[in-house]
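Q: Handing you this structure, nothing more for now.
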């Protein structure tokens, strides 16, 4: 009896006990489904995280931001002038020329044009942001040195801002938009960024933005001369450590040793990414493992019951010349047929569920269809079948034919 | 006694079962030879040890003492897996309770021993058909055992026992569950099979049934009391 006919025979047995088999197959189905779904959710989560990590500047980027000072040092906060353009100048002096230093001010302002308004993030920046945060200008130009020095009222728009403020195909460059009631001339439009996942664009945050010169933002809009970010991008990852040391030293001196700044590399973010991912794999794997264990118990239970009912059949088969090994493989094949059925159905239901959830769930929370998850789920179900069938099949193969034939 | 080749030989065979603290002698000092072409019945009341004898002849059990030879080979030298092979290849079983598998049709039931045949014959389907024709069950080949009468089921069981073209056919009370008229036709079938040259061992408690065979081994309290 080969494996295929064994499995076919097993499917026949499953069909003969429909309800009982259905319940067991349901166990396996749910186990495999939870495995595939959990993996799908995890993959979806990590995929978006990874893309956004790369698009936020990759490994070469070092981001500096303000930090709350500890209680002990609070009286000295006034000594520091906080993140300011002076820090940028100091960093430029200390770092090599090919390093980008990008001072950024986040503004919450309203953009308006002819009755249309658009409320999104507007950043005061220098041209360094294009390299540091990976932006490209598709149309028009970047800021000129003169515009930066003179705090000019010029603006570079992301495609989402263009879409919301302008009619389709209307000229954009040279037009004016209002920012807090002040007219700004559009000098450039950024590239459109798209990384679609279903209907959701992971990179839409790069389109929902507008840039004005950092000097304009500080002098005319913000008023408090504080930078939100002071990001640095090195050219080589090897120089990351040295560059970070330099930045910390320069900032410490600039801020008169007041600890009100924080310098982070994406490497640290990547580390925490890997760490979180590993935690999720263990956690999700554990949960899926438990559900598969449950389905294994279900299979073993069914097999034991089935063998108990078929003692006589085993006796007959042995009398007709079946060896212990024949009987063993017959029942293993049955267990595998059960779990394979559950596995196939489980993967199928999971595909359906993932597709449905991609429609239903808000962007960023959607699971992904992942081939490895299907293979994993299916392999696990077959493995569980073999393991769960082992003991009952061994019991069956050891039955004494005389006792088995006498069994009523 | 003819000088046809021997199929099964018992030499001072004994079988004892532990039963609680005591030991039950199911078979004591049994010696006989069954040769090719014989139609032997083993006759005795229930509990006399005839089923034990049958299990020993069919290799389902091993003796406590003595030696059993199959085609001249001592049973003790044959591994359990090889015994299973011999059962699949050379022995046909017919049971009192028919013992067909209820979820398989007649054809599949008949084919069952070939599944365990060491070298499954290429012409397995033809063999199944021939066996079914021999017992006149071809018209019912696609029925399930539940759709058949007792006599028909026993015919299928006989076809199943014949499908591997065995050296010896063992029948354990084959008419025990049948009415006398059906039993008669089944026994006619055995007689006919023997006439065609099959070696048959028939176990029964019924002297009328045993009378059909040419040789009768009487068993009583685990001992062979008459062999004629």
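Throughout, read-outs are computed from the coordinates displayed, never taken from laboratory work. This structure is a prediction, so every number in the text was calculated from the model and none was measured. We place every Cβ from the backbone using ideal geometry, glycine too, and count neighbours over all the protein chains shown.
Q: What would the Debye equation give as log₁₀ I(q)/I(0) for region A:313-386 at q = 0.13, 0.21 Å⁻¹, counting only Cα atoms as equal point scatterers?
A: Each listed q corresponds, in turn, to -0.54, -0.88.
Q: Continuing with this model, one more query. What whole-number volume per residue, in cubic angstrom, does the convex hull of the C-alpha atoms of region B:159-220 give?
A: 91
Q: Taking a cut-off of 35 Å, what percent of all Cα-Cα pairs in chain A are separated by more than that?
A: Counting pairs separated by more than 35 Å, the tail of P(r) holds 52 percent.
Q: Compute the normalised compactness of region B:1-90: alpha-carbon radius of gyration over 2.2 N^0.38 Å, N being the residue count.
A: Dividing the Cα radius of gyration by 2.2 N^0.38 Å gives 1.12.
Q: If you average 1/r over all unlike Cα pairs in region A:107-165 and invert the result, what Kirkwood radius do you get in angstrom?
A: On the way: mean 1/r = 0.0782 Å⁻¹.
About 12.8 Å, per the Kirkwood formula over Cα pairs.
Q: Next up: Using only DSSP helix segments of four residues or longer, with each worth -39500 (n - 2.57), what per-residue ellipticity at 222 nm results for the protein assembly as shown after dividing by its residue count and rounding to 500?
A: Mean residue ellipticity at 222 nm (helix-derived): -15000 deg cm²/dmol.
Q: For region A:9-162, go through all pairs of different Cα atoms, get the mean of 1/r, take its inverse, and jot down that Kirkwood value in Å.
A: By the Kirkwood definition, the hydrodynamic radius is 21.5 Å.
Q: Work out, in µm²/s and without decimals, the Stokes-Einstein translational diffusion coefficient of region B:61-107 at 10 °C, 1.306 mPa s, Rh from Kirkwood over C-alpha pairs.
A: Answer from the Stokes-Einstein relation: 121 µm²/s.
Q: Write down the radius of gyration of region B:77-151 and its Dmax, each obtained from C-alpha positions, in Å.
A: Final numbers for Rg and Dmax: 13.5, 44 Å.
Q: Largest first and in whole Å, what are the equivalent-ellipsoid semi-axes of region B:70-228 based on the Cα gyration tensor, each being the root of 5 times an eigenvalue?
A: With the √(5λ) rule applied to region B:70-228, the semi-axes are 25, 22, 13 Å.
Q: If one puts a single equal scatterer on every Cα of region B:27-135 and applies the Debye formula without solvent, what log₁₀ I(q)/I(0) results at q = 0.14, 0.19, 0.24 Å⁻¹?
A: Computed log10 I(q)/I(0) values: -0.73, -1.20, -1.44.
Q: Could you check which residue among A:127, A:249, A:207 shows the biggest mean-square fluctuation in a GNM of chain A with a 10 Å Cα cutoff?
A: With Cα springs under 10 Å in chain A, the top fluctuation among A:127, A:249, A:207 is at A:249.
Q: Below 8 Å, C-alpha to C-alpha, sequence gap of six or more: please give me the relative contact order for chain A in percent.
A: It comes to 30 percent, rounded to a whole number.
Q: Once both axes come from the Cα atoms, what is the angle between helix A:18-55 and the longest principal axis of chain A, in degrees from 0 to 90, rounded to 10?
A: Helix A:18-55 sits at roughly 20 degrees to that axis.
Q: For region A:249-408, what are the per-bin percents of Cα-Cα distances with bins 5 Å wide, up to the bin holding the maximum?
A: 2, 8, 12, 12, 11, 10, 8, 7, 6, 6, 5, 4, 3, 2, 2, 1, 1, 1, 0, 0
Q: Ratio of alpha-carbon Rg to the 2.2 N^0.38 Å globular estimate for region A:61-265, to two decimals, please.
A: 1.08
Q: Let me ask something else about it. Report, in cubic angstrom per residue, the convex hull volume of the C-alpha atoms of region A:1-54.
A: On the way: hull volume 4.8 nm³, N = 54.
Dividing the Cα hull volume of region A:1-54 by its residues yields 88 Å³.
Q: Taking 1 over the mean of 1/r across every pair of different Cα atoms in region A:165-259, what Kirkwood radius in Å do you get?
A: Value: 17.5 Å, from the Cα pair sum.
Q: May I pose another question? Please pull out the direction-averaged projected area of region B:108-179, using the convex hull of its alpha-carbon atoms, in nm² to one decimal place.
A: 5.1
Q: Give the span of region A:143-207's Cα atoms along each principal axis, as three whole-Å numbers ordered largest to smallest.
A: Result for region A:143-207: principal-axis Cα extents of 44, 25, 21 Å.
Q: Next up: Exposure proxy check: A:397, A:370, A:102 ranked by fewest other beta carbons within 10 Å? Numbers along the way, then the final one.
A: On the way: A:397 21, A:370 17, A:102 26.
Fewest-to-most Cβ neighbours within 10 Å comes out as A:370, A:397, A:102.
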